[in-house]
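Notes follow the structure.
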Amino acid sequence: APAPQPDGDVLSALAALVESHRKTGKWCAVFSLEMSSEQVATRLLAAEANINVSALSKADITQADTPRLLAGTQSLSRCHIVIDDTASLGLPALKSRIRRIANERNIGCILIDYLGLIDKDTRFTSTAYAVGEISRALKVMAKEMDISVILLCQLNREVEGREDHRPQLADLRDSGSIEQDADVVMMIYREEVYRPEANNHGKA
């Protein structure tokens with residue numbers, strides 16, 4: 001089978017999380033500021049069916065892929081997930097949309113893709129302060145609403161200059177507030193990207 005796309009493991013984990021929430025009647029809301037809802041759904045399906053996302057996007061799938069594709073479709077169809085692909089959302093608009101969806105559905109978790117695309121408040125001249133304000137506000141909202149907020153974030157370039165390329169907390173981009181406000185920070189490392197000879201292809 002082809003190696004998963006870089007974000008395939010994240011999406012597989014999301015699908016598993018959504019499935020676990022389904023059993024309790026809870027929903028997962030995905031705010032995709034980068035991709036359209038169709039792109040997110042395609043990647044979710046590719047991750048769930050273990051099919052290369054490029055091949056699925058081009059409908060270039062083999063007969064052997066069909067059973068996995070059908071199983072993946074059935075699995076995702078049972079998931080309680082709603083996708084909002086509105087671009088250029090600022091913090092107030094994002095919080096408003098989250099609360100509106102929470103009023104309509106029993107929300108268990110929110111996933112935001114990604115921090116760098118949330119419009120910054122123009123009152124802040126420093127990006128670090130603006131990012132810190134977003135991080136703190138989402139932390140407070142998660143506590144008030146009793147939901148999990150999964151906030152995706154990019155890393156800075158320093159990780160590429162490190163010998164083992166393994167990401168560290170200091171590599172979080174733009175602000176130390178992310179590390180301070182997060183209950184858990186998860187980072188993905190795929191050894192095959194840097195050491196093709198490693199015997200762990202397709203793993204992260």
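Starting from segment 40-67, take each residue that is under 28 Å from Ala29 (Cβ atoms) and list its partners that are assigned to a loop (DSSP other than H, G, I, E, B) and open to solvent by 70 Å² or more (accessible area, probe 1.4 Å), counting only C-beta distances under 6 angstrom and pairs at least six apart or across chains.
Once the first residue is under 28 Å from Ala29 (Cβ atoms) and sits in segment 40-67, its partners that are assigned to a loop (DSSP other than H, G, I, E, B) and open to solvent by 70 Å² or more (accessible area, probe 1.4 Å) give Asn50/Ala1.
Which residue is farthest from Ile101 (Cα to Cα), if the candidates are limited to segment 139-163 and must be without any contact (Cβ under 8 Å) to a residue 12 or more places away in the chain, among the acidic types (Asp, Glu) and outside any loop (DSSP other than H, G, I, E, B)?
Ranking the qualifying residues of segment 139-163, first place goes to Glu160.
So, Thr42, is that one assigned to a helix (DSSP H, G or I), more than 20 Å from Ser148 (Cβ to Cβ) and at pLDDT 85 or above or not?
yes
Here is a check on your reading of the model: is Val193 over 17 Å from the mean Cα position of the chain (by Cα), open to solvent by 70 Å² or more (accessible area, probe 1.4 Å), β-branched (Val, Ile, Thr) and more than 18 Å from Gly90 (Cα to Cα)?
Judged against the criteria, Val193 is a match.
Give me the pairs, please: first residue somewhere in segment 82-93 and closer than 17 Å to Lys120 by Cβ, second residue anywhere and part of a loop (DSSP other than H, G, I, E, B) and not aromatic (Phe, Trp, Tyr), beta-carbon distance under 6 Å, and either six or more positions apart or on two chains.
Matching pairs, first to second residue: Ala87/Leu33.
Does segment 71-86 contain at least one residue that is among the acidic types (Asp, Glu), surrounded by 15 or more Cβ atoms within 10 Å (Cβ to Cβ), over 20 Å from Val184 (Cα atoms) and at pLDDT 90 or above?
yes
Report whether or not Arg105 is of a type in the set (D, E, K, R) and farther than 28 Å from Val185 by Cβ.
For Arg105, the condition - of a type in the set (D, E, K, R) and farther than 28 Å from Val185 by Cβ - is not met.
Can you go through Arg166, Arg136 and tell me which one is among the basic types (Lys, Arg) and assigned to a loop (DSSP other than H, G, I, E, B)?
Arg166
When only residues in segment 49-94 that are assigned to a loop (DSSP other than H, G, I, E, B) and among the polar types (S, T, N, Q) count, which is farthest from Gln39 (Cα to Cα)?
Gln63
Across segment 109-132, which residue is nearest to Arg99 (Cα to Cα) among those that are assigned to a loop (DSSP other than H, G, I, E, B) and not acidic (Asp, Glu)?
Ranking the candidates gives Ile118 first.
Say we look at segment 112-136 and pick out the residues that are in contact with a helix residue (DSSP H, G or I) (Cβ under 6 Å, 6 or more places away or on another chain) and crowded, with 17+ Cβ neighbours inside 10 Å; which of these is farthest from Leu152 (Cα to Cα)?
Lys120
Answer with yes or no whether Ser148 is within 21 Å of Ser32 (Cβ to Cβ), open to solvent by 50 Å² or more (accessible area, probe 1.4 Å) and of a type outside the set (D, E, K, R).
It is true that Ser148 is within 21 Å of Ser32 (Cβ to Cβ), open to solvent by 50 Å² or more (accessible area, probe 1.4 Å) and of a type outside the set (D, E, K, R).
The values are calculated or read from the model by the stated rules, or taken from the named source; none is laboratory data. Predicted model only: the values in this text are computed from it and were never measured. Neighbour counts are summed over all protein chains in view; Cβ atoms, including those assigned to glycine, are modelled from backbone coordinates with ideal geometry. Heads up: the accessible areas ignore ligands, DNA and RNA and are worked out on the full protein's heavy atoms, side chains in. Shrake-Rupley method; radii C 1.70, N 1.55, O 1.52, S 1.80 Å.
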